[in-house]
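Accompanying notes for the structure given below.
The values are calculated or read from the model by the stated rules, or taken from the named source; none is laboratory data. All of these numbers come straight from a predicted model, not from anything done at the bench. Positions of Cβ are backbone-derived with ideal geometry, glycine not excepted, and every protein chain shown enters the neighbour counts.
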Amino acid sequence: MDAADVKWAADAAHASIEKWSQRDGYYNNRLASHLTGKLGELATEKYLLENGFKLDSHFRFPERENLCDIVVKIKNYSQVRRLEVKTWSASYWMDLGRCIAVDQYPILKKKADLVLWCVLAPVDMDELIKSPSPLVVSLTGWSTVEEVSGAAVKATGSGGMRKVTNYQLDEKDLHPFAELRDVLEQR
């Protein structure tokens, strides 16, 4: 992702944190977390557009934050696939990645069909916010929403973090992005 993409994500993260900072969430409500999420959403959008998909990118509009992140329009717009993008920094991926809070799952099930998992390359988030620069976001895999509820339930959180009861998928259970096109185009 280039510096302009990162700047857009940082600006969007600032707007998002302003909206959500006074509300309890499933995880910590920090600017770096919001930026990480926006970067994953943007990387996923770029990938889908580069692969010829027609999209509604709800993540770009603050008033749509309660909807899925991206809607893929298929079969001449007669059908859609609703995507939720979840992104972690590489330093947290092994221990905390691939998680959906158990209490968040009913909301996820109503708004999305697939969860796309992304990993942000190691970066100093404070420096990135001050001075946006190019970076790498890996599109690691995807899962159906139903597969999420079949994952192990664990209390995750390391060090002094608040423990959250999550469904946590095993990394080997993620479908590769190479198979995403087939799933998006079939119904």
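Looking only at the stretch 146-170, count every residue that is in contact (Cβ under 8 Å) with a residue 60 or more places away in the chain and assigned to a helix (DSSP H, G or I) and tell me the total. Walk me through how you get there before you give the answer.
Residues of the stretch 146-170 that are in contact (Cβ under 8 Å) with a residue 60 or more places away in the chain, as a first pass: 156-158, 161-162, 164-170.
Keeping just the survivors that are assigned to a helix (DSSP H, G or I) gives none.
Number satisfying all stated conditions: 0.
Filter the stretch 171-182 for residues that are exposed (fewer than 15 other Cβ atoms within 10 Å of the Cβ), within 17 Å of V72 (Cβ to Cβ) and touching a residue at least 60 places away in the same chain (Cβ under 8 Å) and give the result. Break it down stepwise before answering.
If we filter the stretch 171-182 for residues that are exposed (fewer than 15 other Cβ atoms within 10 Å of the Cβ), which is where we start, we get 171-173, 176, 178-179, 181-182.
Remaining after also requiring within 17 Å of V72 (Cβ to Cβ): 178-179, 181-182.
Correct list: R181 only.
So if I check each of V137, V71, V148, V80, which one is hydrophobic (A, V, I, L, M, F, W, C) and in contact with a Phe, Trp or Tyr (Cβ under 8 Å, 6 or more places away or on another chain)? Write out each step before concluding.
Working: V137 fails: in contact with a Phe, Trp or Tyr (Cβ under 8 Å, 6 or more places away or on another chain); V71 fails: in contact with a Phe, Trp or Tyr (Cβ under 8 Å, 6 or more places away or on another chain); V80 fails: in contact with a Phe, Trp or Tyr (Cβ under 8 Å, 6 or more places away or on another chain).
Result of the check over V137, V71, V148, V80: V148.
Consider L180 carefully, then state whether it is in contact with a strand residue (DSSP E or B) (Cβ under 8 Å, 6 or more places away or on another chain), within 18 Å of D69 (Cβ to Cβ) and not polar (S, T, N, Q).
Values: in contact with a strand residue (DSSP E or B) (Cβ under 8 Å, 6 or more places away or on another chain): yes; within 18 Å of D69 (Cβ to Cβ): yes; not polar (S, T, N, Q): yes.
Criteria met by L180.
Quick check: anything in the stretch 15-27 under 13 Å from the mean Cα position of the chain (by Cα) and closer than 30 Å to D124 by Cβ? Show your work before the answer.
Just the residues of the stretch 15-27 that are under 13 Å from the mean Cα position of the chain (by Cα), to begin with: none.
Taking every residue of the stretch 15-27 in turn, none turns out to be under 13 Å from the mean Cα position of the chain (by Cα) and closer than 30 Å to D124 by Cβ.
Across the stretch 75-96, what is the number of residues that are β-branched (V, I, T), closer than 14 Å to D56 by Cβ and touching a Ser or Thr at 6+ places or on another chain (Cβ under 8 Å)? Working first, answer last.
Of the residues in the stretch 75-96, the ones β-branched (V, I, T) are 80, 85, 87.
Those still in the list that are closer than 14 Å to D56 by Cβ too: 80, 85.
The next check asks that each one be touching a Ser or Thr at 6+ places or on another chain (Cβ under 8 Å); those that pass are 85.
So the answer is 1.
Being touching a Lys or Arg at 6+ places or on another chain (Cβ under 6 Å) and either β-branched (V, I, T) or on the phi < 0 side of the Ramachandran plot (or both) narrows it down to one of W88, W117, so name that one. I'd like the intermediate steps shown before the answer.
Working: W88 fails: touching a Lys or Arg at 6+ places or on another chain (Cβ under 6 Å).
Step by step, each of W88, W117 is checked, and only W117 is touching a Lys or Arg at 6+ places or on another chain (Cβ under 6 Å) and either β-branched (V, I, T) or on the phi < 0 side of the Ramachandran plot (or both).
When the stretch 57-105 is examined, which residues are found to be touching a Cys at 6+ places or on another chain (Cβ under 9 Å) and either surrounded by fewer than 18 Cβ atoms within 10 Å (Cβ to Cβ) or closer than 13 Å to W117 by Cα (or both)?
Those that are touching a Cys at 6+ places or on another chain (Cβ under 9 Å) and either surrounded by fewer than 18 Cβ atoms within 10 Å (Cβ to Cβ) or closer than 13 Å to W117 by Cα (or both): L83, E84, V85, K86, T87, W88.
Would you check if V80 is within 30 Å of G150 (Cα to Cα) and in contact with a helix residue (DSSP H, G or I) (Cβ under 6 Å, 6 or more places away or on another chain)? Walk me through it before giving the result.
Values: within 30 Å of G150 (Cα to Cα): yes; in contact with a helix residue (DSSP H, G or I) (Cβ under 6 Å, 6 or more places away or on another chain): no.
No: the conditions fail for V80.
Does W8 fit the bill of being among the hydrophobic types (A, V, I, L, M, F, W, C) and either in contact with a Gly (Cβ under 6 Å, 6 or more places away or on another chain) or modelled with pLDDT under 90 (or both)? Steps first, answer last, please.
Details: among the hydrophobic types (A, V, I, L, M, F, W, C): yes; either in contact with a Gly (Cβ under 6 Å, 6 or more places away or on another chain) or modelled with pLDDT under 90 (or both): no.
So W8 does not fit the description; no.
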